[in-house]
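One structure below.
What follows is calculated from the coordinates using simple rules that are stated; it is not laboratory data. These numbers were taken from a predicted model, which means no experiment stands behind them. Neighbour counts are summed over all protein chains in view; Cβ atoms, including those assigned to glycine, are modelled from backbone coordinates with ideal geometry.
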Amino acid sequence: MAALKLALVVSIDNTSFDAVAVRGRWDEGVRMAATLGYDAVELAVRDPAAIDREAVRSVLRESGLAVAAIGTGQAYLKDGLSFTSDDAGIRARAIERMRAHIRLASEFAAPVIVGLIRGRITRDRAATDARFMEALTRLLPAVERSDVRLLIEPINRYETDYLNTIGEALEIIDRVGSARIRVLADTFHMNIEERSIEDALRACGRRLGHVHVADSNREAPGFGHLDFAGILSVLDEVGYSGFLSAEIVPIPDPGSAARQTVQHLKSLLTAVNAEEGM
Ligand code: LER
Ligand code: MN
């Protein structure tokens, strides 16, 4: 089994998004992740212009953690920015904001997530696809210059009506035709939307760029009924060697949820490795 690395989502701002175990005291969150044995943090950033980069850099250096990805959902949730809005001004501001996220990501050698900021279906599906494709195409030069990747994340139907499945994201990725755009597979959303989580992961193949882990109820892995042993074994099959980033609700509390994730996934990884060695 390729050495998968564990990351914990930490929000710099005090977000209202519920599946972030650590919000507010982000520096304590980073230190906690390091203590619990995580390899990295995924930083949720509303606006890169509003964060103290030096402080982030110094806490990361001190804790020895990498940045697994930069999340951008708060630019949509808090600031209403969207690539597919009917309002051309909002679309332009969403692209500008994403350029700032790309610059930040490049400083931390991390990919950038295109999640809720893709927006919802406006007018019709074809018009929405065209707007989304335009945003991605306009961002490509910055992506290439900065040597980062964009990660398109399928999100379940209760949060958006646009791009719910891995197949829909792969179709867009193939249409853009750049190896710098990959898919982000989130086990919580996949449990709602996919016919088979394993088959959807197989369909990604090399286009799989990042993985969010949460159980069926969005609690830490092992607290619901997803088959993480099966998921890890398919990730191995497709040659995925990136991060498993815990995007989980803080139940029963942030520390316990974060600890449970490490314990559950590490014990499964040990079991998969032992089986392979047999
Ligand atoms: C983000 O990674 C996500 O999974 C969504 O549910 C909300 O942004
Ligand atoms: Mn996610």
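Got a sec to turn the phi values of the stretch 90-99 into Karplus ³J(HN,Hα) couplings, 6.51 cos²θ - 1.76 cosθ + 1.60 with θ = phi - 60°, whole Hz, x for Gly and Pro?
5, 4, 5, 5, 5, 5, 4, 4, 5, 4
What are the ³J(HN,Hα) values, in whole Hz, obtained from phi via the Karplus relation 6.51 cos²θ - 1.76 cosθ + 1.60 with θ = phi - 60°, for each residue of the stretch 26-37 in sequence order, with x given for Gly and Pro?
5, 5, 5, x, 5, 5, 4, 4, 5, 4, 7, x
Extension gain residue 127-residue 274, at 0.36 nm per residue separation less the Cα-Cα distance, in nm?
Working: separation 147, 0.36 × 147 = 52.92 nm, distance 5.00 nm.
Gain in length upon complete extension: 47.9 nm.
Evaluate the charge dipole of the stretch 5-277 about its Cα centre and quote only its size in Debye, nearest 20, assuming +1 on the Cβ of each Lys and Arg and -1 on the Cβ of each Asp and Glu. List each step's numbers first, then the result.
Details: 33 positive and 40 negative charges, 167 e Å.
Charge dipole, the stretch 5-277, about its Cα centre: 800 debye, nearest 20.
Taking H as built 1.01 Å from N, whose amide H comes closer than 5 Å to the amide H of residue 248, not counting residues under 5 places away?
Those lying under 5 Å, H to H, from residue 248 are 9, 21.
For the stretch 63-157, list log₁₀ I(q)/I(0) at each q in 0.21 Å⁻¹, using the Debye formula over Cα point scatterers of equal strength and ignoring solvent, two decimals each.
Taking Cα atoms of the stretch 63-157 as identical point scatterers yields -1.03.
What is the set of long-range amide H partners of residue 120 at a cut-off below 5 Å, with H atoms built 1.01 Å from backbone N?
84
On average over all directions, what projected area in square nanometres does the stretch 45-112 have, based on the convex hull of its Cα atoms? Intermediate values should be presented prior to the final figure.
Numbers: hull surface 18.1 nm².
So the Cα hull casts an average projection of 4.5 nm².
Which whole-number percentage describes the relative contact order of the chain, with Cα contacts under 8 Å and a sequence gap of 6 or more?
Values: 558 pairs, mean separation 53.4, N = 278.
Reported as a whole number, the value is 19 percent.
Over all directions, average the projected area of the Cα convex hull of the chain and note it in nm².
Numbers: hull surface 53.7 nm².
Quarter of the Cα hull surface area: 13.4 nm².
How high is the FRET efficiency from residue 256 to residue 174, r the C-beta distance, R0 51 Å, rounded to 0.05? Display every interim value, and only then the final one.
Values: r = 41 Å, r/R0 = 0.80.
Plugging the Cβ-Cβ distance into 1/(1 + (r/R0)^6) gives 0.80.
Apply 1/(1 + (r/R0)^6) to the Cβ-Cβ distance of residue 229 and residue 63, taking R0 = 30 Å, and write down the FRET efficiency to the nearest 0.05.
Working: r = 30 Å, r/R0 = 0.99.
Step by step, r from the Cβ atoms, then E = 0.50.
Could you work out how much longer the chain between residue 28 and residue 16 gets when fully extended? Use 0.36 nm per residue separation minus the Cα distance between them, nm to one decimal. Numbers along the way, then the final one.
Numbers: separation 12, 0.36 × 12 = 4.32 nm, distance 1.83 nm.
Answer, rounded to one decimal: 2.5 nm.
How many percent of all Cα-Cα pairs in the stretch 163-225 sit more than 15 Å apart? Please report the intermediate quantities before stating the final value.
Details: 965 of 1953 pairs.
When all Cα pairs of the stretch 163-225 are counted, 49 percent exceed 15 Å.
Using the alpha-carbon centroid of each, what span in Å lies between the stretch 223-278 and the stretch 151-182?
23
Given 0.36 nm per residue, what is the gain on full extension from residue 5 to residue 109 after removing their alpha carbon distance, in nm? Mind dumping the intermediate values first?
On the way: separation 104, 0.36 × 104 = 37.44 nm, distance 1.54 nm.
Here the answer is 35.9 nm.
Once you charge only the Cβ atoms, +1 for Lys and Arg and -1 for Asp and Glu, what is the size of the charge dipole of the stretch 1-95 about its Cα centre, to the nearest 20 debye?
Values: 11 positive and 13 negative charges, 31 e Å.
Magnitude of the dipole: close to 140 debye.
How long, wide and thick is the stretch 192-241, going by the Cα atoms along their three principal axes, in whole angstroms, largest first?
Principal axes ranked by extent give 29, 22, 16 Å for the Cα atoms.
So if I place +1 on the C-beta of Lys and Arg and -1 on the C-beta of Asp and Glu, and nothing else carries charge, what would the dipole magnitude of the stretch 175-254 be about its Cα centre? I want it in debye, nearest 20.
Working: 8 positive and 12 negative charges, 122 e Å.
In debye, rounded to 20, the stretch 175-254 gives about 580.
Nearest 0.05, what FRET efficiency do residue 159 and residue 79 give at R0 = 22 Å with Cβ-Cβ as r?
Details: r = 17 Å, r/R0 = 0.76.
It comes to 0.85.
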